[in-house]
Amino acid sequence: MHVILVPGFWLDASAWDDVAPLLRAAGHSVQAVTRDGDTLDEQVDALVAILDDVASPDEPVVLAGHSGAGPIAYMAADQRPSLVAHLVYVDTFPGPEGGCVNDELPVVDGAVPLPSWDVWEPATVRGMTPEVRQDVERRAIPEPASVPSDRFHYTDAARHTIPATIITCEIPAAELLAMVADHQAWAAELVATEDLSIVGLETGHWPMFTAPEQLGELMVQALAPRPTQGP
């Protein structure tokens, strides 16, 4: 399948450099993109334009989003549900109508810079060696000021029919499954997803840097053809 990889906040397409080869080795074509736009809607529109360019109802694609890009991928899929065969969320999930990624991130000089490492929970920075942290800092691109706080909005219930896989890193898979089963308000879109899988990867919030091989393997497994059911 054709897999579109969307990086999370402060990252560009190169964030997927160590993951893409594993997907290609499994027979998939890969297109890593850099988010473009000064607002959430502009970034969604840019991703929709990519879908329109490379996908069709006869050949839908896989859309994978990391962190803050998970909701962006979901909003794009909401606009083009027939063009998306599978959604993959890398340590992220789609938020409820009217929610946002994180409206507590501080704006500095009109943009949202990468926060200092000491603001994150221990699970978030698990596996982030000094070398990995320096690499992320080197890559870091400030986010447009409004993107983290712009609100989610959806229009097409067909989005709930798109199969989805969450690769959860900070929260154990069993805990996340229990939260969804409990129908917690933040998980409304996950509750409504008709075909949802949740798998765990015990590392921090940036698995493309801390565990790229394991992440690639889990993505390949998520996209593997499923056995057909007998009569």
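The values are calculated or read from the model by the stated rules, or taken from the named source; none is laboratory data. The shown structure was predicted, so the numbers you read here are calculated from the model rather than taken from an experiment. Using ideal geometry, Cβ is built from the backbone for each residue, glycine included, and neighbour counts are taken over all protein chains shown. Calculation scope for accessible area: heavy atoms of the full protein, side chains included, ligands and nucleic acids excluded. Shrake-Rupley method; radii C 1.70, N 1.55, O 1.52, S 1.80 Å.
Just to confirm, what accessible area per residue do you get for region 88-186 at 1.4 Å probe, in whole Å²?
Working: 5170 Å² over 99 residues.
On a per-residue basis, region 88-186 sits at 52 Å².
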| field | Radius of gyration, Dmax [the chain; alpha carbons; angstrom] | value | 16.7, 62
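Carbon and sulfur atoms: what percent of the 1.4 Å accessible area of region 1-112 do they account for? Could you put the intermediate results ahead of the total?
Details: 1940 of 4220 Å².
Using a 1.4 Å probe with all protein chains present, region 1-112 comes out at 46 percent carbon and sulfur.
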| said: Bin width 10 Å, origin at 0, all Cα-Cα pairs of region 90-203: what percent of pairs per bin? | reply: 12, 34, 36, 18, 1
| remark: Comparing 37, 70, 204 in a Gaussian network model of the chain (Cα, 10 Å), the one with the largest mean-square fluctuation is 37
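Pop out the carbon and sulfur fraction of the accessible area of region 146-231 as a percent, whole number, probe 1.4 Å. Don't skip to the end; give the middle numbers.
Working: 2340 of 4320 Å².
The value for region 146-231 is 54 percent carbon and sulfur by accessible area.
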| message | Between region 1-47 and region 87-138, what is the separation of their alpha carbon centroids in Å? | response | 17
| message | Restricting to Cα pairs below 8 Å that are 6+ residues apart, what does the relative contact order work out to for the chain? Please round to a whole percent. | response | 24
| query | Tally Lys/Arg at +1 and Asp/Glu at -1 over every other residue whose Cβ is under 12 Å from the Cβ of residue 16; what's the total? | reply | -1
| Measuring from label point to label point, each 7 Å out along Cα→Cβ, what is the residue 141 to residue 120 span in nm? | 1.9
| If you project the alpha carbons of region 157-197 onto their three principal axes, what span does each projection cover, largest first, in Å? | 29, 20, 12
| task | Calculate the tail of P(r) for region 87-147: the fraction of all Cα-Cα distances greater than 17 Å, expressed in %. | result | 56
| field | Mean Cβ neighbour count within 10 Å, used as a protection proxy, ranking 213-226, 105-118, 159-172 highest first | value | 159-172, 213-226, 105-118
| task | Just need log10 I(q)/I(0) for region 1-100 at q = 0.10, 0.19 Å⁻¹, Debye formula, equal scatterers on the alpha-carbon atoms, no solvent, rounded to two decimals. | result | -0.23, -0.87
